[in-house]
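Asks: Quick one: structure below, then a few questions.
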Amino acid sequence: MPETGPRGLDHPGTAVAITSTDILGQRRWTLPGAAGGYLVARAGDAPSPRGWSRVPGMFARGAVERAISSDAPVVYELHEVVGGTRRSGLSRTARAEHHREIARRLDEAFRSGDLVAYRRHPPAAQPFIEEARPEPEPAPEEPIRVEPESYVTIQLVGEDGAGIPGMRYRLRLPDATVREGTLDGSGFATVRGRFSGACQVAFPELDAEAWEPV
């Protein structure tokens, strides 16, 4: 089975073997980078290997400069691929000038597309699934306190003990509410409601001296 990428870039940030690789007769070069490095190929070679994506050539500039500063053989190989020549026995000044020439030509090659840089796909991020939290139970409602119904009975009787019917009455409840009505045929009336305490009754048709509570 043919290889799908260069060996030596499986561990980003580690020292890698900076060499060229033949994949189905097509050459590949590896440039170490801060984020795992680059795979470099010539224009017209096979499309992106599986697990790698093409990146703009300017992205490889920093990797080329690092490879030049470490005198990595791969930069000389890439320089020859784009038409450069390898020189040896140079003085320090001439060597520095040669390195600048290599950097310039490789930068032009990446920008023009003569050389193509690929970067390995980052591992797919696992989706974060938040665990479902149970809905909090509602707080128990406070029971509504209902005052029990009360009532007061009114009876107006004469001196003979018989009830006096049809007489109007006025009842003042403990909360100052006033209820009015008429006694029934037996002289009775019942007033219902929710109240507690003493009530006061009066008969508007009678003088205050004509009756008394019992």
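Asks: Which one is surrounded by the most Cβ atoms within 10 Å (Cβ to Cβ), of the residues in the range 184-198 that are modelled with pLDDT of 85 or more and in contact with a Leu (Cβ under 6 Å, 6 or more places away or on another chain)?
Replies: Among those residues, the one meeting the criterion is 189.
Asks: Turning to a different aspect of this structure: Quick check, is residue 61 among the basic types (Lys, Arg), surrounded by 12 or more Cβ atoms within 10 Å (Cβ to Cβ) and without any contact (Cβ under 8 Å) to a residue 60 or more places away in the chain?
Replies: Here the answer is yes, as residue 61 does meet what is asked.
Asks: Which one of the conditions (1) of a type outside the set (Val, Ile, Thr); (2) on the phi < 0 side of the Ramachandran plot; (3) not in a strand (DSSP E or B) does residue 179 fail to meet, given that it meets all the rest?
Replies: Condition not satisfied by residue 179: (3).
To keep it simple, each residue is scored yes or no on (1) modelled with pLDDT under 90; (2) among the acidic types (Asp, Glu); (3) under 24 Å from residue 120 (Cβ atoms); (4) over 41 Å from the mean Cα position of the chain (by Cα).
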{"position": "37", "(1), (2), (3), (4)": "yes, no, yes, no"}
{"position": "53", "(1), (2), (3), (4)": "yes, no, yes, no"}
{"position": "59", "(1), (2), (3), (4)": "yes, no, yes, no"}
{"position": "72", "(1), (2), (3), (4)": "yes, no, yes, yes"}
{"position": "80", "(1), (2), (3), (4)": "yes, yes, no, yes"}
{"position": "85", "(1), (2), (3), (4)": "yes, no, no, yes"}
{"position": "98", "(1), (2), (3), (4)": "no, no, no, yes"}
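Asks: Starting from the range 134-147, keep only residues that are in a loop (DSSP other than H, G, I, E, B), then list their pairs with residues that are of a type outside the set (Phe, Trp, Tyr) and modelled with pLDDT of 75 or more whose Cβ atoms are within a distance under 9 Å, requiring at least 6 positions of separation or different chains.
Replies: Listed pairs, sorted by first residue: 146/194; 147/194; 147/196.
Asks: I've got another one for you. Would you confirm, using the coordinates I've provided, whether residue 201 is modelled with pLDDT of 85 or more, outside the structural domain of residue 80 (by TED's automatic domain parsing), farther than 30 Å from residue 56 by Cα and loosely packed, with under 11 Cβ neighbours inside 10 Å?
Replies: no
The values are calculated or read from the model by the stated rules, or taken from the named source; none is laboratory data. As the structure is a computational prediction, the values presented were derived from the model and not from experiment. Cβ sites come from the backbone with ideal geometry, for glycine too, and all protein chains shown count toward neighbours.
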